[in-house]
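Data block below; observations after.
The values are calculated or read from the model by the stated rules, or taken from the named source; none is laboratory data. These figures come from a predicted structure and were not determined experimentally. All Cβ positions, glycine included, derive from the backbone under ideal geometry; neighbour counts span all protein chains shown.
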Amino acid sequence: MDIKKAIKHLIQLKDEDFARYHIYNDPIEGRIPSHLREDIIREALICGNEEATYAMEKLGMVKGIGWADLVELAQSLGIQIQFKKCDNSLQYVYFGSYEDSGVITLYEETISKGEALAQEYNIEELKGISLREVVLAHEIFHHIEARKKDLFINSFRINLWKLGPYTHRSRLICTGEISGMAFTKRLLNLQFCPNVLDVLLLYPYNEILAEQLYKEITMSSHQKYILKSHYL
Ligand SMILES: [Zn+2]
């Protein structure tokens with residue numbers, strides 16, 4: 001795979017294209033009715049955008065915020081930010097994580113490595129991109145998601161099974177990721193979807209997985225409704 005070419009292609013994709021990829025990867029994807037998918041995507045994107053606008057208004061910003069503002073925003077939300085060198089997980093590359101107790105962990109070494117790589121590829125659109133801002137913004141959204149119970153992404157439920165008068169309903173995982181992506185993009189005034197970085201930063205660790213991810217994103221974006229054969 002020509003990574004530069006792949007990234008340039010991903011940069012051109014729309015938020016909705018990446019959102020379809022997130023839907024495709026939801027653990028209960030097979031249970032999401034086809035006719036609802038585009039509505040779910042629209043609502044989840046609106047949700048992320050609205051929360052970003054709200055956060056920017058809170059900080060008195062109109063057009064994107066930087067690192068210091070992000071830290072201020074996190075503090076105002078009662079988030080504790082901690083730094084670690086890296087994550088020991090062998091299977092995935094983690095740049096940040098969020099715990100429901102309100103703690104965000106940023107993996108400094110992995111982030112610095114990622115930032116250096118993003119510059120090394122010399123891709124015009126990615127010049128000056130701050131990966132730590134992208135990661136922090138994304139994790140801040142997960143905190144908002146955990147605290148604001150009335151958000152669309154928290155209230156929307158999929159009917160899983162019925163037993164007498166009782167219907168078991170489940171929320172989706174993918175909607176939080178779709179909103180988080182929109183939140184980060186708006187908050188940092190990015191010209192592309194932050195998930196582009198997932199492929200770029202995975203590449204030096206595992207070329208095969210990066211190519212697979214690239215293919216999955218572009219394939220999901222081509223198909224409006226994907227029907228998978230498995231059900232969870
Ligand atoms: Zn996330």
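Laid out as a table, the results:
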quantity	calculated
Leu59 being over 30 Å from Glu207 (Cβ atoms) and in contact with a His (Cβ under 8 Å, 6 or more places away or on another chain)	no
Selection count, the range 43-74, where residues are small (Gly, Ala, Ser) and free of Cβ contacts under 8 Å to residues at least 60 places away in the same chain	2
Single residue of the range 143-184 satisfying the filter (among the small types (Gly, Ala, Ser) and within 16 Å of the chain's Cα centre (by Cα)) that is surrounded by the most Cβ atoms within 10 Å (Cβ to Cβ)	Ser179
Selection from the range 31-88 of residues that are in contact with a Ser or Thr (Cβ under 9 Å, 6 or more places away or on another chain), surrounded by fewer than 14 Cβ atoms within 10 Å (Cβ to Cβ) and basic (Lys, Arg)	Lys58, Lys85
Flag for Asp198 being among the acidic types (Asp, Glu) and either away from the ligand (no atom under 16 Å from the Cβ) or at pLDDT 90 or above (or both)	no
Subset of the range 99-147 [more than 16 Å from the ligand (Cβ to nearest atom) and of a type in the set (D, E, K, R)]	Glu108, Glu109, Lys113, Glu115, Glu120, Glu124, Glu125, Lys127
